[in-house]
Amino acid sequence: MTTENSTSIESSWWSVPGRFLRREFLPVLTNLQLAIALLLLIALFSVSGTVIEQGESPAFYQANYPEHPALFGFLTWKVIQVVGLDHVYRTWWFLGLLILFGTSLTACTFTRQLPALKAARRWKYYEEPRQFQKLALSAELENGSVDSLKEILQKRRYKVFQEQDGILYARKGIIGRIGPIVVHVGIVTILLGGIWGAMTGFVAQEMVASGDTFQVKNIIDAGPWADSQVLKDWSVKVNRFWIDYTPTGGIDQFYSDMSVLNNQGQEVDRKKIFVNQPLRYRGVTFYQTDWGIAAVQIQFNNSPIFQLPMASLDTKGRGRIWGSWIPTKPDLSAGVSLIAKDLQGMVLIYDSTGKLVDTVRKGMSTQVNGVTLKILDVIGSTGLQIKSDPGIPIVYSGFAVLMLGTVMSYFSHSQIWALQQGDKFYVGGKTNRAQVAFEREVLEILEQTTSQLESEAVISAELGVKNP
């Protein structure tokens, strides 16, 4: 077998997959029905990710989505965790849908939109009257002038092409052909931003006592490419946490005064945060989402100040309270329990039998088991949700491009041809949208052309009378 035959067979072998892709795969990939179906699936699962809580513990889903009775007859905690509905936006199948939809739009752009733009930019003069019969809008006039039509079209912002006398082509709104391509670019950019955010972002939760400094460590959900190094060379200090209460005792708003510290402990940023007013630093956002009671500061007689932790107690859904046990004897043989329900400073003291001993506000003292117990302060803790999503700037840029492309798509791409042949004047045109408005514009152009010719004829006649 010769080298030429071998090369020919090899090229034919490699051309088979290419022909298959062009003839079989590409028509399916660029199918409009497929794109609509993918878009609906993406929207459906995005809604499920909004309705079903994301990134919670298995116990949470077991408690809220039991097997009996199952929500909607099928939605249980097992289904949620097996399918991945507890982290929809990072599942392989959701990312696969985004990639397939983006690939479909990209293929459609290269196989349909770009060729349509090239076809719109390619044009030819109409040199035969029969060519005007193919146009949706055409007219044959007894008189007319290409020069007068050219002037009128230029005033209407048409770009006019004329290489020889008696023949003219004009167009405007080519930007309308570019608009759909820009729309596709915007959508693909949004999809890329979503994929990048899912692969590189993370969500964390921290409960931090007022006055404490912490680094983000309690990450509950993260993409496989999440850069945890971004959190290791700086820390955050909760300078103060407090709650504003309404006159009736309800919570009006809770606040955290927070500082960002570098490795040397120097403050590089500071902000007071509250609900819907987060702290942002180096792409990480700290949201104020919860609060609690972290500790109580007490003093026995003239002893040093002790800070004892308080824990949240199970009330079976009847409110939130925190408690701590305080020994009143060195051998821990006796003590009292402290109960608090908010940060307004009131503490309830119970003895070992569960009997209420006293009610004390911070700064006050009472006698228990032969010692003076003073409540110095009740220290609150702030509940923070911490998020990083590097894909957000890409998504916002994609939306901007999408809006730009949408506006561009509203421009009509209008084309007009003219041919002057003997005593006949042929005019025709077509547009891709706003057909009625285009027809009205063409009629106005023809009327202006006729009126201008009549005026020129009258002027010529008058000049002929004055200059016999």
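Some observations on this one:
- The C-alpha atoms of the chain define a longest principal axis, and helix 32-51 lies at about 20 degrees to it.
- Maximal additional length on extending the A136-V47 stretch stands at 27.6 nm, based on 0.36 nm per residue less the C-alpha distance.
- Note on Y245/T372: beta-carbon distance plugged into 1/(1 + (r/R0)^6) with R0 of 30 Å gives a FRET efficiency of 0.55.
- Rounded tilt (10° steps) of 175-200 against the dominant C-alpha axis of the chain: 20 degrees
- Taking label points 7 Å from Cα along the Cα-to-Cβ direction, T289 and N262 give a separation of 3.1 nm.
- Note on K159 and A434: the model spin-label points, each 7 Å out from Cα along the C-beta direction, lie 1.8 nm apart.
- Label assignment, volume of the Cα convex hull per residue in Å³ derived from the structure, set [x] 160; [y] 301; [z] 362: [z]
- Prolate/oblate/rounded label for the range 202-388 (Cα gyration tensor, a/c 1.5): prolate
- Rounded tilt (10° steps) of 92-108 against the dominant C-alpha axis of the chain: 20 degrees
- Per-pair calculated FRET efficiency, R0 = 51 Å: N64 and T353 via Cβ, rounded to 0.05: 0.85
- Cut-off 20 Å, label 7 Å out along Cα→Cβ of L39, residues of the range 167-187 by amide N: 176-187
- Between I326 and E56, residue separation times 0.36 nm minus the direct Cα-Cα distance comes to 93.8 nm.
- Taking 19 Å as the cut-off, the amide N atoms of the range 376-394 that come nearer than this to a point 7 Å along the Cα-to-beta-carbon line of F274 belong to 380-385.
Throughout, read-outs are computed from the coordinates displayed, never taken from laboratory work. Predicted model only: the values in this text are computed from it and were never measured. Neighbour counts are summed over all protein chains in view; Cβ atoms, including those assigned to glycine, are modelled from backbone coordinates with ideal geometry.
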